[in-house]
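Note sheet for the following structure.
The values are calculated or read from the model by the stated rules, or taken from the named source; none is laboratory data. What you see is a predicted model; the values in this text were computed from it and never measured. Here the Cβ is made from the backbone with ideal geometry for all residues, glycine too, and neighbour counts use every protein chain on show. Ligands, DNA and RNA are stripped out before the accessible areas are found, and what is left, the full protein with its side chains, is counted by its heavy atoms. Shrake-Rupley method; radii C 1.70, N 1.55, O 1.52, S 1.80 Å.
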Amino acid sequence: MVLTQRSNARRPTLEDVARWSGVSKSTVSRVVNGELKVSAEAAVRVREAISALGYVPNQAARQLVTRHTGAVAVVASQPENRLFLDPYFDCLLRGIRGELARHGAQALLLFLDEPDDHARVADYLGGGHVDGAILFSLRPGDRLPEMVDRLGLPAVFGGRPLLRDGHPARGQA
């Protein structure tokens with residue numbers, strides 16, 4: 001792995017792009033967010049400024065406005081060492097990552113291995129860090145489905161579906 005030294009140069013801001021392109025900050029914002037209420041000429045100038053300055057939108061600021069993080073938690077209720085030895089897990093992660101990438105989202109991998117991990121993961125999921133969760137390898141009696149439901153977080157469950165009594169659903173043996 002190669003580490004690069006971080007530059008002390010200031011990152012270009014929305015204001016810098018507006019100044020360079022001769023438009024307002026709100027016009028730059030509309031172009032960055034893909035809104036249609038911008039003249040073709042202004043949109044071209046803004047895109048040129050973005051390219052020339054190397055402007056990258058501030059994700060934290062965008063999250064405040066859009067209420068979306070662009071991240072989905074992939075939560076595995078298994079020890080890390082067990083999952084990374086399982087070839088199914090590799091295929092599953094590749095598929096999840098690829099599909100999320102096609103939709104402009106990132107996968108964030110979280111593990112539930114120790115008893116106190118449930119509280120930590122629930123705090124993280126409820127903290128607004130992700131837009132949803134993909135949960136798999138849940139064990140009978142796992143509290144995570146109820147925690148996700150209580151948080152109101154959109155979730156997808158993978159693996160063998162379990163009924164409340166911990167037995168597989170019919171046809172899922």
Take the residues in region 57-80 that are part of a loop (DSSP other than H, G, I, E, B) and surrounded by fewer than 16 Cβ atoms within 10 Å (Cβ to Cβ), then tell me which one is modelled with the highest pLDDT. G70
With the condition kept exactly as written, say whether any residue in region 124-133 is touching a strand residue (DSSP E or B) at 6+ places or on another chain (Cβ under 8 Å) and in a helix (DSSP H, G or I). yes
Among the listed residues A52, A155, identify the single one that is modelled with pLDDT of 85 or more, open to solvent by 30 Å² or more (accessible area, probe 1.4 Å), touching a helix residue (DSSP H, G or I) at 6+ places or on another chain (Cβ under 8 Å) and closer than 30 Å to K25 by Cα. A52
Which residues, counting only those in region 93-117, are within 10 Å of the chain's Cα centre (by Cα) and open to solvent by 70 Å² or more (accessible area, probe 1.4 Å)? Q106
Considering each residue of region 158-173, count those that are assigned to a loop (DSSP other than H, G, I, E, B) and modelled with pLDDT of 75 or more, and give that number. 0
Can you confirm whether region 120-128 contains a residue that is open to solvent by 40 Å² or more (accessible area, probe 1.4 Å), under 30 Å from S26 (Cα atoms), touching a Pro at 6+ places or on another chain (Cβ under 8 Å) and modelled with pLDDT of 85 or more? no
Answer yes or no as to whether L85 is without any contact (Cβ under 8 Å) to a residue 24 or more places away in the chain and surrounded by 11 or more Cβ atoms within 10 Å (Cβ to Cβ). no
